[in-house]
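In what follows, a structure is listed as structure tokens, so that the remarks can point back to it.
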Amino acid sequence: MEIVPHVSDDTLERFAMESLRGSESEPLEEHLLICPGCRERLKATDEFVTAMTSAAAKMQKGQRRKAKAILPSSAPAKSTAESNVAERNGHESE
């Protein structure tokens, strides 16, 4: 069995985010089986990634709410191009 050095924080983060290719994750998974220290670091990294993902989703949801509050709640506003076409066709811009 090949001795795998302890895992870098960057690699643990990529593993927690499921962004490692299979060839990269296999040695890491084997190392995690025998190294309780790296398993603990992975657990902490996974909790951090989960918290950041959740916070980002909440922020994005909050930004959508703010945008809806700023825009009129009626039909979406016509773009300038739509208004120009309506005027050329003899219709008033709404």
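I'd like the residue in segment 1-22 that is more than 16 Å from PHE48 (Cα to Cα) and surrounded by 10 or more Cβ atoms within 10 Å (Cβ to Cβ) and, out of all such residues, is modelled with the lowest pLDDT.
VAL4
Can you confirm whether segment 61-74 contains a residue that is under 16 Å from the mean Cα position of the chain (by Cα), modelled with pLDDT of 60 or more and within 30 Å of SER8 (Cβ to Cβ)?
No, every residue in segment 61-74 fails to be under 16 Å from the mean Cα position of the chain (by Cα), modelled with pLDDT of 60 or more and within 30 Å of SER8 (Cβ to Cβ).
The values are calculated or read from the model by the stated rules, or taken from the named source; none is laboratory data. These figures come from a predicted structure and were not determined experimentally. FYI the Cβ positions are ideal-geometry reconstructions off the backbone, even for glycines, and counts take in every protein chain you see.
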